[in-house]
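All of the numbers you see were taken from the coordinates with simple rules; none came from a lab. As the structure is a prediction and not an experimental result, all values here were calculated from the model. Here the Cβ is made from the backbone with ideal geometry for all residues, glycine too, and neighbour counts use every protein chain on show.
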Amino acid sequence: MLQINEVLVSAEWLRDNLDSPKLKLVDASWFMPGTDRNAKSEWSTKRIPGSVYFDFDGEIYDKTSPLPHMLPSEAQFEAAVAELGISNEDDIVVYDTAGIFSSPRVWWMFKVMGHQNVALLDGGMPAWEGIGGELDTDVPQSPTSTGYKAKLDKEGVINSKDLLAGIEAESLNVVDVRPADRFSGCVAEPRPGVRSGHMPTAKNLPFLSLTENGKFKSKETLSMLLSQVLSKDKPNVSSCGSGVTACTFALAAEWALGTKIAVYDGSWTEWGSNTELPVVKD
């Protein structure tokens, strides 16, 4: 049985293992609001063979929350993943069409729901096409439902209440991966009603600094970058605009350092819009 022991796999690795019966491919493409592209439609017309589409923004999210694409409940996740034909024993490889953008979010969702054997395709669809990887352009077939089970890792995700308590007690280390101008508060936030600035004591490492040409930088380079903002003594938390690129940071830390990062799911969309939560500007 195929076992994925790495956080990242290459396009070459995927090509060599594409026919493994326990390998399940997940297209996790997503585009920012206002973009004139539909990720699910693009998947339906061109995808890596055998891949299913995981819609964390329009289908597999907490529909009771006013915040965008929040982590669903265990039961919601179980039902959705079962309908995708994925079982607990499967080896999962997640990718997106941008290279590395939204796919770490779905990698993290599987991880935090207890699925350990999940990896990211480094470079995503561009890397796959770059090596001449096979593409499926036929109408997608509906997968056979499974009996998937999830178990939430409560240490892998944090809410605003616990995050505020940790900041006030100086017991958590927060890394905000938004661009530097948004972190400092010198530009307006893209979402209306969201204040500019950052959380008290938070550090900044823009997520774009972790990748190059659509792939993650080397472990050595990432280790150097991450060590400048991570704490060795306190639990580390990553935050971003709406909980997507914070997962890029979490994946990079696990791959390069073996360090587990909790993701603040609501991220700045929640924090910046709640006037009861403290905001500072540089």
Quick one: of K154/K260; K22/K215; K215/K260; K203/K260; K22/K111, which pairs are farther than 19 Å apart, Cα to Cα? K22/K215; K215/K260
So between T144 and E220, what do we pick up on full extension, going 0.36 nm a residue minus the alpha carbon distance? 23.2 nm
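Go ahead and run the numbers for FRET between I131 and E42, Cβ-Cβ distance against an R0 of 30 Å, rounding to 0.05. Provide the component values of the computation, followed by the final result.
Values: r = 20 Å, r/R0 = 0.67.
My answer for the efficiency is 0.90.
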If we count other beta carbons within 10 Å of each Cβ, what is the order of M32, M70, M125, fewest first? M32, M70, M125
From the list [x] 31, 20, 18; [y] 33, 23, 18; [z] 65, 17, 14, can you say which value of semi-axes √(5λ) of the Cα gyration tensor in Å was derived from the structure given? [x]
Helix 74-83 axis, angle to the chain major axis (alpha carbon atoms, nearest 10°): 30 degrees
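Work out the length of the dipole vector of the range 155-273 about its Cα centre, built from +1 on the beta-carbon of each Lys and Arg and -1 on the beta-carbon of each Asp and Glu, and round it to the nearest 20 debye. Numbers along the way, then the final one.
Numbers: 12 positive and 13 negative charges, 48 e Å.
Taking the Cα centre of the range 155-273 as origin, the dipole is about 220 debye.
For Y53, what is the net charge nearby, where nearby means another residue's Cβ is under 15 Å from its Cβ and Lys, Arg count +1, Asp, Glu -1?
Working: positive: K24, R37, K40, K46, R47, R105; negative: D27, E42, D55, D57, E59, E83, D96, D136, D138.
Result for the local shell: -3.
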Once amide H atoms are built 1.01 Å from N in the peptide plane, which residues 5 or more positions from L120, or in another chain, come under 5 Å H to H? L8, V9, V94
Net charge contributed by nearby residues that have their C-beta within less than 12 Å of R182 (K/R +1, D/E -1): 0
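Where the only charges are on Cβ atoms (+1 Lys, Arg; -1 Asp, Glu), what is the dipole of the chain about its Cα centre, to the nearest 20 debye? Please list the in-between numbers first.
Numbers: 26 positive and 39 negative charges, 116 e Å.
Here the chain has a charge dipole of around 560 debye.
If contacts are Cα pairs under 8 angstrom and at least 6 residues apart, what is the relative contact order of the chain in percent? Before the final figure, lay out the partial values.
Numbers: 549 pairs, mean separation 57.7, N = 282.
Once divided by the residue count of the chain, the mean separation gives 20 percent.
What FRET efficiency do you get for S65 and C186 if R0 is 25 Å and r is their Cβ-Cβ distance, rounded to the nearest 0.05? Display every interim value, and only then the final one.
Details: r = 29 Å, r/R0 = 1.18.
The computed FRET efficiency comes out at 0.25.
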Please give, to one decimal in nm, the separation of the simple spin-label points placed at L152 and M32, each 7 Å out from Cα toward the Cβ. 3.0 nm
Within the range 122-143: backbone nitrogen closer than 14 Å to the S20 label point (7 Å, Cα to C-beta): 122
Along the positive direction of the dipole of the chain (beta-carbon charges: Lys, Arg +1; Asp, Glu -1; about the Cα centre), which of T259, P21, P143 reaches farthest? T259
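Using the Cβ atoms and a cut-off under 14 Å, what net charge is assigned to the surroundings of G214, where Lys and Arg are +1 and Asp and Glu are -1?
Values: positive: K215, K217; negative: D96, D122, E129, E212.
Result for the neighbourhood of G214: -2.
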On the formula 1/(1 + (r/R0)^6), with r taken between the Cβ atoms of K232 and W13 and R0 of 30 Å, the FRET efficiency rounded to 0.05 is 0.40
